[in-house]
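Notes for the one structure printed next.
The values are calculated or read from the model by the stated rules, or taken from the named source; none is laboratory data. Keep in mind that this is a model prediction, so the values were computed, not measured. Neighbour counts run over all protein chains shown; Cβ positions are idealised from the backbone, glycine included.
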Ligand SMILES: Nc1ncnc2c1ncn2[C@@H]1O[C@H](COP(=O)(O)OP(=O)(O)OP(=O)(O)O)[C@@H](O)[C@H]1O
Ligand SMILES: [Mg+2]
């Protein structure tokens, strides 16, 4: 595989859903590439298709038309085993609604993906402790999800997504449940870890200030991407828009 292949490439991605007799076209030809080390904000009004796009980029859903490339590999050609191993080793996912395992504590939730990948228990535990501490949860290691606040659970979900040191982090409003101050701290730490480890990230957010801190902003509008690399099309103060 070429070294220069983007970490993620979406080509003419179309996604439509059938609702009764109606066809709802959510993504109408999305083109996007993310290079190694880039942290990209994904903006767009509610219902514009951010979560749908992240699910498709994360191989959790199939596009109706178009193609996804991860590290230059055409994903429609992959068999189930390869898709699973890419999801496990190459991608990290923070969902809009975290889905931690309720019977396991914070430490175990972050250790598990590593154990499944074949890491030794001690190594997995050390990394899980390190990640959780970086996210301010060193005193919550033994807490199960039900005994943590929404924001704490969200931070465990972030640590879990980073557990296997993925090449690409896909995050859907990762700090959406946090109060503004905690959100800033957690987000800064998330970006620090991403930058330190040289991974790339595509992060959906409604928070324009957080988006400003990323390398690049892309906005979903009318089912297509507007790249904000060169100029800002959307006024910063358009509260209703975001
Ligand atoms: N499985 C589905 N069947 C039918 N319609 C769907 C399905 N999933 C998503 N949609 C529709 O696709 C549109 C985009 O949804 P999506 O969740 O991707 O938006 P979003 O940009 O993530 O919004 P938000 O900012 O509110 O999270 C919505 O109008 C939604 O109703
Ligand atoms: Mg969403």
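Miscellaneous remarks
- Residue match in segment 142-157 (condition: in a helix (DSSP H, G or I), within 16 Å of ligand 2 (Cβ to nearest atom) and in contact with a strand residue (DSSP E or B) (Cβ under 7 Å, 6 or more places away or on another chain)): yes
- Filter result for residue 166 (in a loop (DSSP other than H, G, I, E, B) and more than 16 Å from ligand 2 (Cβ to nearest atom)): yes
- When 78, 82, 91 are checked against the criterion of being under 14 Å from residue 58 (Cβ atoms) and at pLDDT below 90, 78 stands alone in meeting it.
- Residues in segment 120-137 that are assigned to a loop (DSSP other than H, G, I, E, B) and either modelled with pLDDT of 95 or more or closer than 18 Å to residue 101 by Cα (or both): 2 in all.
- Checking residue 99 against (1) within 16 Å of ligand 2 (Cβ to nearest atom); (2) out of contact with any helix residue (DSSP H, G or I) (no Cβ under 7 Å at 6 or more places or on another chain); (3) in a loop (DSSP other than H, G, I, E, B); (4) farther than 23 Å from residue 156 by Cα, the condition it does not meet: (4)
A quick yes/no check of all residues on (1) surrounded by fewer than 15 Cβ atoms within 10 Å (Cβ to Cβ); (2) within 16 Å of ligand 1 (Cβ to nearest atom); (3) over 30 Å from residue 73 (Cα atoms); (4) more than 12 Å from the chain's Cα centre (by Cα):
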site	(1), (2), (3), (4)
168	no, no, no, no
172	no, yes, no, no
184	no, no, yes, yes
203	no, yes, no, no
207	no, yes, yes, yes
210	no, yes, yes, yes
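Let's see how each residue does on (1) in contact (Cβ under 8 Å) with a residue 60 or more places away in the chain; (2) touching a strand residue (DSSP E or B) at 6+ places or on another chain (Cβ under 6 Å); (3) surrounded by fewer than 19 Cβ atoms within 10 Å (Cβ to Cβ); (4) not in a strand (DSSP E or B):
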{"position": "5", "(1), (2), (3), (4)": "yes, no, yes, yes"}
{"position": "16", "(1), (2), (3), (4)": "no, yes, yes, no"}
{"position": "25", "(1), (2), (3), (4)": "yes, yes, yes, no"}
{"position": "29", "(1), (2), (3), (4)": "yes, yes, yes, no"}
{"position": "40", "(1), (2), (3), (4)": "yes, yes, no, no"}
{"position": "45", "(1), (2), (3), (4)": "yes, no, yes, yes"}
{"position": "59", "(1), (2), (3), (4)": "no, no, no, yes"}
{"position": "62", "(1), (2), (3), (4)": "no, no, yes, yes"}
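- Annotation: of all residues in segment 189-208 being in contact with a helix residue (DSSP H, G or I) (Cβ under 9 Å, 6 or more places away or on another chain) and over 12 Å from residue 41 (Cβ atoms), the one that is nearest to ligand 2 (Cβ to nearest atom) is 190.
- The one condition in (1) more than 20 Å from residue 43 (Cα to Cα); (2) over 14 Å from the mean Cα position of the chain (by Cα) that residue 163 fails to fulfil: (2)
- Test for residue 87: is it within 21 Å of residue 131 (Cβ to Cβ), more than 13 Å from ligand 1 (Cβ to nearest atom) and free of Cβ contacts under 8 Å to residues at least 60 places away in the same chain: yes
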